[in-house]
1. Please go through segment 96-116 and pick out each residue that is over 17 Å from E65 (Cα atoms) and touching a residue at least 60 places away in the same chain (Cβ under 8 Å).
2. Which condition does G87 not pass, out of (1) within 14 Å of K27 (Cβ to Cβ); (2) open to solvent by less than 60 Å² (accessible area, probe 1.4 Å), if it passes all the others?
3. Identify, please: which residue in segment 131-156 is of a type in the set (S, T, N, Q) and out of contact with any strand residue (DSSP E or B) (no Cβ under 9 Å at 6 or more places or on another chain) and is, among those, nearest to T113 (Cα to Cα)?
4. Looking only at segment 16-73, which residues are under 18 Å from Y163 (Cα atoms), open to solvent by 80 Å² or more (accessible area, probe 1.4 Å) and either in contact with an Asp or Glu (Cβ under 7 Å, 6 or more places away or on another chain) or part of a helix (DSSP H, G or I) (or both)?
5. Could you give every pair whose Cβ atoms fall below 7 Å, whose first residue belongs to segment 41-68 and is closer than 21 Å to R97 by Cα, and whose second residue is outside any helix (DSSP H, G or I) and aromatic (F, W, Y), counting only separations of at least 6 or pairs across chains?
6. Within segment 114-149, work out how many residues are assigned to a strand (DSSP E or B), open to solvent by 10 Å² or more (accessible area, probe 1.4 Å) and among the β-branched types (V, I, T).
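The values are calculated or read from the model by the stated rules, or taken from the named source; none is laboratory data. Treat the numbers as computed from the prediction; the structure is a model and nothing was measured. Methodologically, a virtual Cβ is constructed for each residue, glycine included, from the backbone with ideal geometry; neighbour enumeration extends over all protein chains shown. Keep in mind that these areas ignore ligands, DNA and RNA; they rest on the heavy atoms of the full protein, side chains included. Shrake-Rupley method; radii C 1.70, N 1.55, O 1.52, S 1.80 Å.
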Amino acid sequence: MKILISLLSFTLTLFAHPHVFVDVYPKIGKDTIQLRWVFDEMTSNMLIMDYDVDRDNAFSPAESEVLGSDIFASLKEHDYYTYFFKGEAQLPTGEARDFGASIQGAQLVFTFTLPRPAEAETVRFFDWDNMTAYQVTEAFVREVNSGHSFKVYEHDYDYYYGYVLELK
């Protein structure tokens with residue numbers, strides 16, 4: 001019986017890993033944070049095949065709108081996997097605006113803007129369910145925030161990692 005329980009437990013943990021990988025490029029403004037998400041090649045390939053209906057390797061405004069309503073709109077219920085904190089208190093994530101989808105090389109890119117709460121000290125990027133891995137590095141932050149210094153570090157959430165961006 002112990003072996004069966006151990007085997008079942010091991011099997012279930014095999015499913016608790018990311019299936020989608022996203023590089024996050026956050027541009028920090030006084031009142032907003034503009035995000036550029038670059039998806040991994042496998043996810044990109046599947047979504048491009050589904051949503052680039054005219055197969056021209058670019059999203060028309062209509063194709064981008066459909067992708068936004070089918071995929072991006074559902075991310076609202078997850079706060080767009082972008083969480084604002086003051087200390088350890090989570091602040092509300094507002095409504096996203098300016099959504100756009102594009103294809104760069106062979107990768108799908110989402111761009112959008114979120115309001116930045118004035119009292120936010122950090123922004124954290126993670127998926128509670130660990131189905132999507134978000135990666136933020138100091139190089140990504142520097143690339144879109146020239147002249148500003150922000151600290152980025154990994155945060156261990158017991159069974160997955162998230163990234164924290166300090167807003168200084």
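1. Selection gives Q104, A106, Q107, L114, P115, R116.
2. (1) is the only condition that G87 fails.
3. Step one: list which residues in segment 131-156 are of a type in the set (S, T, N, Q), which gives 132, 135, 137, 145-146, 149.
From the residues that got through so far, the ones that are out of contact with any strand residue (DSSP E or B) (no Cβ under 9 Å at 6 or more places or on another chain) too are 146, 149.
Numbers: S146: 18, S149: 20 Å.
The selected residue is S146.
4. Correct list: F21 only.
5. Y51/F59; L67/F59; G68/F99
6. Of the residues in segment 114-149, the ones assigned to a strand (DSSP E or B) are 114-115, 122-125, 132-135.
Going one step further and asking which of them are open to solvent by 10 Å² or more (accessible area, probe 1.4 Å), we end up with 115, 122, 124, 132-135.
Filter again for among the β-branched types (V, I, T), leaving 122, 132.
Result for segment 114-149: 2.
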